[in-house]
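Engineer: If you scroll down you'll find the structure; I have some questions about it.
None of the figures in this text is laboratory data; all of them are computed from the coordinates on show. What you see is a predicted model; the values in this text were computed from it and never measured. For neighbour counting, all protein chains shown are included, and Cβ atoms are generated from backbone atoms with ideal geometry for every residue, glycine included.
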Amino acid sequence: MTDVIDTPTISPISTSRHGDVLIVTSNNPPVNALGAAVRRGLVAAIEEAEGDDSVKAVVIRCEGQTFFAGADITEFGKPPVMPWLPTVVDTIENCSKPVVAAIHGTALGGGLEVALGCHYRVAVRDARLGVPEVKLGLLPGAGGTQRLPRVAGVQKALEMCTSGAMVSAKDACAVGLIDRLVDGELVQHAVAYAEEVKNIRPLPRSSERDEKLAEARANPAIFDEFRKANARKFRGFEAPEANIKAIEAAVAKPYAEGVIDERNLFMGLMSGTQSRAQQYFFFAERKAAKIDNIPDDTKPRPVKKVGVIGAGTMGGGISMNFLSAGIPVTIFEMNQEALDRGTGVMRKNYEATASKGRMTGEQVERAMGLLTPTLDFADLADCDLIIEAVFEQMDVKKDIFTRLDEVMKPGAILASNTSYLNIDEIAAITSRPEDVVGLHFFSPANIMKLLEVVRGARTAPDVLITAMQLAKKIRKVAVVAGVCHGFIGNRMLMPRQIEATKLLLEGATPEQVDRVHVEFGMPMGPFQMADLAGVDIGWHRDPSRIENVRDALCAIDRWGQKKGAGFYDYDDKRRPSPSPVVQQIIEDFAAKQGVTRRQIDDEEIVERTLYTMVNEGAKILEEGMAQRASDIDVVWVYGYGWPVYRGGPMFWADSQGLPKIVEGLKRQEQRMGSDFSFSRLLLDKAEKGEKFTR
Ligand code: 3HC
């Protein structure tokens, strides 16, 4: 291809010519976000096309890893700089010459809106498209909620806008969002396409299309049906409803009125607290990948093969992450029966995913084909990374690491999946403590996104970098934690559990405590969580030794959902109901311990279970066990389902105001007794009017 005219400029947008097609190229690394200079450049390029009679068609494309990945999020909250994105998209759509979007990588948010402003869209097969604004607590605000249903249909627009999920180019093509899928040189294909369509008039303008709205116009009940079907998923979030309302407006009103509704809804979300929290979280998640005090030129170690010790629930789940990413796994167990059971469960999990259409049979076989089960420890020797996932018992772990030290090749990374134990103590048993790291997966390990990477005192920088990069490869979000009991997540869970249990004795019920947490936005409360995980976890297993409510429940086999009874009673469909037996046990214990039961209000539950978590988070920070407050938030959102629209415990504390948190804790200090002590950092920050997060 020969460029005829070049217009070199410092703008991220440049133009070049191929025959009578004007090629508009964006070069704005890393993701071609639509910042002010890009917006200005796009408008100028369209003006250039309009002003030049020899231009018959336009192609818009991007350099680098991706087509426009959306508005520039770093501009949010700052004074607006013209031209606005909606104006840019309108300018493109109103161009009197056909404009073709050439899409590779990801066309996201404002990027997809630019593509929708184009008259035609051509994409490579591995491109993906989406409107992830909902994940930032927003809606596509540059005409996206009005054009997308007109191009892809109302149902597809509802799904895409409220989930924020990307669709493949193939699926996008099937719904009419892509006009042509191409292989090979994208620009050449896009130019060829532009040549084909350059004389076709009228131009297909997304905003003028109506045919795909007809079905919803005839049956507006689809909106309420959609709301009902997704009520659980949307619980607590404001943005999904605003997205639905905007699409409803697209159906009910002419385009010119629909975009006004879209703008009003967008501005409402933008000025709300949820969007602020979700935007904060977007950057928090990306910041978590960055490790302090590591030389910039640190290179990761290659990991081509992974070993997993233990084929139980955890070991199996951990293995699946690597298999799904195409990395071979050797899994070790002590006996054939346990090995068969473990690999059987993995296969069953994959097949369940396939039965929901989220995997093909071929993909299941490919993943399982990468698995080598073994009873021979020596088979692990050539693995680049080994993850131990056995009982939480120090002597068992030490025994395993001693054996690993003997058999593993030099340079192999030795990881423990421990959720509480001291990594330094485990590392010290080996002759290579610099190769030892904690990789704490969360259950179910093949699903939960969080990975705590525990940095031991002697863990080598390249081991840490390898862990962080590998996490991304297996689609986890990794957070670095220091060595302390329970690391970040479980350590903060402890004060919550202690106070929640004391509140029961003092007069609250499990239902009340759980309700407060669910209303706050957590997926479940502390007692629902105990029942799900198993009340017997960590129990001493001596039914005659009853020292607290939990011992009493375990002694009578109330181990949680798996036994049909725990803090709640469960029916055969695992539906919970309050248990009179549990209530009696609680009251008996209170009487025995001389606790006077009283009415507990919800505010006290918030202060004693959530404010205490913030206090523990502050201690974690002041001890340097987390690199930054936002890392703690990432742990809680991805590991425990803290509602992302509240940003995470530290962001939430900031938004409440730290003096309010301190005041609440002071109110409860006496009741919490010796279980509680203030974090110095929290007190200091509250006094100075500072925040944990920026
Ligand atoms: N604005 C500003 N910066 C962005 C950005 C955006 N839209 N998207 C990504 N970045 C930055 C990241 O912060 C990161 O910066 P860092 O290197 O300093 O940490 C860098 O680009 C690379 O991002 P990732 O680490 O996420 O790179 P990946 O390759 O893993 O993923 C991606 C690429 C899929 C494009 C991912 O970055 C992504 O999902 N981006 C956000 C897309 C989005 O939300 N778009 C909608 C924006 S809102 C909008 O368009 C409103 C409109 O409707 C009006």
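Engineer: Considering amide H positions built from the backbone, and no H for Pro or chain starts, which residues 5 or more places from A71, or on another chain, come under 5 Å of its amide H?
Structural biologist: Residues meeting the criterion, in which the H sits 1.01 Å from N, are L34, G110, G111.
Engineer: Another question, then. Just check the range 510-637 against the gyration tensor rule for me: Cα atoms, a ≥ b ≥ c as the square roots of the eigenvalues, rounded for a/c under 1.5, and otherwise prolate or oblate depending on whether a/b exceeds b/c. Please list the in-between numbers first.
Structural biologist: Numbers: a/c = 1.67, a/b = 1.59, b/c = 1.05.
Prolate, because a/c is 1.5 or more and a/b exceeds b/c.
Engineer: What's the center-to-center distance, using Cα atoms, between the range 263-278 and the range 73-124 in Å?
Structural biologist: 21 Å
Engineer: May I pose another question? Anything over 28 Å Cα to Cα? Flag those among K502/K660; K245/K660; K78/K688; K398/K502; K473/K562, in the order listed.
Structural biologist: Beyond 28 Å between Cα atoms: K245/K660; K398/K502; K473/K562.
Engineer: Okay, helix-only estimate at 222 nm for the chain: each DSSP H run of n ≥ 4 adds -39500 (n - 2.57), divide by all residues, round to 500 deg cm²/dmol; what do you get?
Structural biologist: Rounded to the nearest 500, it is -14000 deg cm²/dmol.
Engineer: Could you give each residue of the range 295-312 its phi-based ³J(HN,Hα) in whole Hz, using Karplus coefficients 6.51, -1.76, 1.60 with θ = phi - 60°, and x for Gly or Pro?
Structural biologist: The phi angles translate into x, 4, 8, 5, 9, x, 7, x, 10, 9, 8, 10, x, 10, 9, x, 10, x Hz.
Engineer: Can you pull the Rg over Rh of the range 334-430, Cα-only, Kirkwood?
Structural biologist: So for the range 334-430, dividing Rg by the Kirkwood Rh gives 1.05.
Engineer: Can you give the direction-averaged projected area of the convex hull of the alpha-carbon atoms in the range 306-484, in nm²?
Structural biologist: So the Cα hull casts an average projection of 9.1 nm².
Engineer: Another question, if that's okay. Projected onto the charge dipole of the chain (+1 at Lys/Arg Cβ, -1 at Asp/Glu Cβ, origin at the Cα centre), which of Q599, P373, F692 gives the Cα projection farthest towards the positive end?
Structural biologist: The Cα lying farthest towards the positive end belongs to Q599.
Engineer: At 20 °C and a viscosity of 1.002 mPa s, what translational diffusion coefficient does Stokes-Einstein give for the range 529-594, taking Rh as the Kirkwood radius over Cα pairs? Give it in µm²/s as a whole number.
Structural biologist: 179 µm²/s
Engineer: Along the positive direction of the dipole of the range 13-271 (beta-carbon charges: Lys, Arg +1; Asp, Glu -1; about the Cα centre), which of M267, P86, I222 reaches farthest?
Structural biologist: Result: I222.
Engineer: Right, next: Put one equal scatterer on each alpha carbon of the range 47-128, apply the Debye formula with no solvent term, and list log10 I(q)/I(0) at q = 0.22, 0.27 1/Å to two decimals.
Structural biologist: Result of the Debye calculation: -1.06, -1.29.
Engineer: What's the angle, to the nearest 10 degrees (0 to 90), between helix 461-473's Cα axis and the longest principal axis of the chain?
Structural biologist: On a 0 to 90 degree scale, this one is about 60.
Engineer: What is the distance, in nm, between label points placed 7 Å from the Cα along the Cα-to-Cβ direction at D126 and at R403?
Structural biologist: 4.0 nm
Engineer: Sticking with this structure for a sec: Kindly state, to the nearest 0.05, the FRET efficiency for A457 paired with K660, given R0 = 22 Å and r defined as their beta-carbon distance.
Structural biologist: That gives a FRET efficiency of 0.05.
Engineer: Next question. FRET efficiency for A231 and N27, Cβ-Cβ distance as r, R0 = 35 Å, nearest 0.05?
Structural biologist: The calculated FRET efficiency here is 0.20.
Engineer: With no solvent and one point per C-alpha, what does the Debye sum give as log10 I(q)/I(0) for the range 581-694 at q = 0.16, 0.22, 0.23 Å⁻¹?
Structural biologist: Reported log10 I(q)/I(0), two decimals: -0.78, -1.19, -1.27.
Engineer: Considering only DSSP beta bridges where both residues belong to the range 13-271, give the percentage that are antiparallel (nearest 5).
Structural biologist: Numbers: 8 of 28 bridges.
Of all bridge pairs located within the range 13-271, approximately 30 percent are antiparallel.
Engineer: Here is a follow-up. Quick check on the exposure proxy: order R458, R301, R550 from fewest to most C-beta atoms within 10 angstrom.
Structural biologist: If I rank by nearby Cβ atoms, fewest first, I get R458, R301, R550.
Engineer: Quick one: which of K472/K691; K212/K253; K356/K476; K348/K397; K397/K472; K228/K348 span more than 25 angstrom between C-alpha atoms?
Structural biologist: Checking Cα-Cα distances, K472/K691; K348/K397; K397/K472; K228/K348 exceed 25 Å.
Engineer: Listing D588, D261 from the residue with the fewest other Cβ atoms within 10 Å to the one with the most, what is the order?
Structural biologist: Numbers: D588 12, D261 20.
Listing D588, D261 from fewest to most nearby Cβ atoms yields D588, D261.
Engineer: A follow-up question, please. Under a point spin-label approximation (7 Å from Cα along Cα-to-Cβ), what is the A218-R358 distance to one decimal in nm?
Structural biologist: 3.4 nm
Engineer: Run the numbers for E48 and D602: contour at 0.36 nm per residue of separation, minus the present Cα-Cα distance, in nm.
Structural biologist: 193.1 nm
Engineer: Of P29, A284, A71, whose Cα points farthest to the positive end of the dipole of the chain (charges on the beta-carbon: +1 Lys, Arg; -1 Asp, Glu; origin at the Cα centre)?
Structural biologist: A71
Engineer: Counting other beta carbons within 10 Å of each Cβ, put V122, V535, V606 in order, fewest first.
Structural biologist: V606, V535, V122
Engineer: When the Kirkwood hydrodynamic radius is evaluated over all pairs of different C-alpha atoms of the range 279-405, what value in angstrom, to one decimal, is obtained?
Structural biologist: Numbers: mean 1/r = 0.0610 Å⁻¹.
Its Kirkwood hydrodynamic radius stands at 16.4 Å.
Engineer: Multiply the residue separation of M82 and D171 by 0.36 nm, subtract the distance between their alpha-carbon atoms, and state the gained length in nm to one decimal.
Structural biologist: Contour length minus the Cα-Cα distance gives 28.6 nm.
Engineer: Report the percentage of all Cα-Cα pairs in the chain whose separation exceeds 39 Å, rounded to a whole percent.
Structural biologist: Working: 105442 of 240471 pairs.
Distances greater than 39 Å cover 44 percent of the Cα pairs.
Engineer: Separation between the E257 and E75 pseudo-spin-labels, each 7 Å from Cα along Cα→Cβ, expressed in nm?
Structural biologist: So the two model labels end up 3.1 nm from each other.
Engineer: Now a separate question. Quick one: of the DSSP bridges fully inside the chain, what percent are antiparallel, nearest 5?
Structural biologist: Beta bridges within the chain, antiparallel portion: roughly 30 percent.
Engineer: Angle, helix 273-288 long axis vs. longest principal axis of the chain, Cα atoms, 0 to 90°, nearest 10?
Structural biologist: 80 degrees
Engineer: Once you charge only the Cβ atoms, +1 for Lys and Arg and -1 for Asp and Glu, what is the size of the charge dipole of the chain about its Cα centre, to the nearest 20 debye?
Structural biologist: Working: 85 positive and 94 negative charges, 109 e Å.
The dipole of the chain has a size of about 520 debye.
Engineer: Still on this model: Each residue of the range 439-452 in order: what ³J(HN,Hα) in whole Hz does its phi give by Karplus 6.51 cos²θ - 1.76 cosθ + 1.60, θ = phi - 60°, with x for Gly and Pro?
Structural biologist: 10, 9, 7, 10, 7, x, 5, 7, 10, 5, 7, 7, 9, 8
Engineer: Right, another one. Would you mind giving the average projected area, over all directions, of the Cα convex hull of the range 13-271 in nm² with one decimal? Numbers along the way, then the final one.
Structural biologist: Values: hull surface 51.3 nm².
The Cα convex hull of the range 13-271, projected and averaged over all directions, gives 12.8 nm².
Engineer: Restricting attention to the alpha-carbon atoms of the range 364-414, what are Rg (one decimal) and Dmax (integer), both in Å?
Structural biologist: Final numbers for Rg and Dmax: 12.6, 37 Å.
Engineer: While we're looking at this one, here's another question. May I ask you to derive the FRET efficiency for E185 and M394 from their Cβ-Cβ distance with R0 = 45 Å, giving the value to the nearest 0.05?
Structural biologist: On the way: r = 59 Å, r/R0 = 1.30.
According to the calculation, E is roughly 0.15.
Engineer: Kirkwood Rh over alpha-carbon pairs of the range 398-471, then Stokes-Einstein at 10 °C and 1.306 mPa s: what D in µm² s⁻¹, rounded to an integer?
Structural biologist: Here the translational diffusion coefficient equals 127 µm²/s.
Engineer: Here's another thing I want to ask about it. Compute the length gained on full extension between N293 and Q65: take 0.36 nm times their separation in residues and subtract their Cα-Cα distance, giving the result in nm to one decimal. If you can, show how the numbers build up before the last one.
Structural biologist: Numbers: separation 228, 0.36 × 228 = 82.08 nm, distance 2.85 nm.
Working it through step by step, the gained length comes to 79.2 nm.
Engineer: Looking at the range 327-377, what % of the alpha carbon pairs are farther apart than 14 Å? Please report the intermediate quantities before stating the final value.
Structural biologist: On the way: 684 of 1275 pairs.
Considering the range 327-377, 54 percent of its Cα-Cα pairs are separated by more than 14 Å.
Engineer: Is there a quick way to get the dipole size of the range 450-576? I mean about its Cα centre, with the Cβ of Lys and Arg at +1 and of Asp and Glu at -1; what is the value in debye to the nearest 20?
Structural biologist: The dipole of the range 450-576 has a size of about 700 debye.
Engineer: P(r) tail for the range 200-267, what percent of Cα pairs lie past 15 Å?
Structural biologist: Summing the P(r) of the range 200-267 above 15 Å gives 59 percent of all pairs.
Engineer: So if I place +1 on the C-beta of Lys and Arg and -1 on the C-beta of Asp and Glu, and nothing else carries charge, what would the dipole magnitude of the range 306-484 be about its Cα centre? I want it in debye, nearest 20.
Structural biologist: Dipole of the range 306-484, to the nearest 20 debye: 860 debye.
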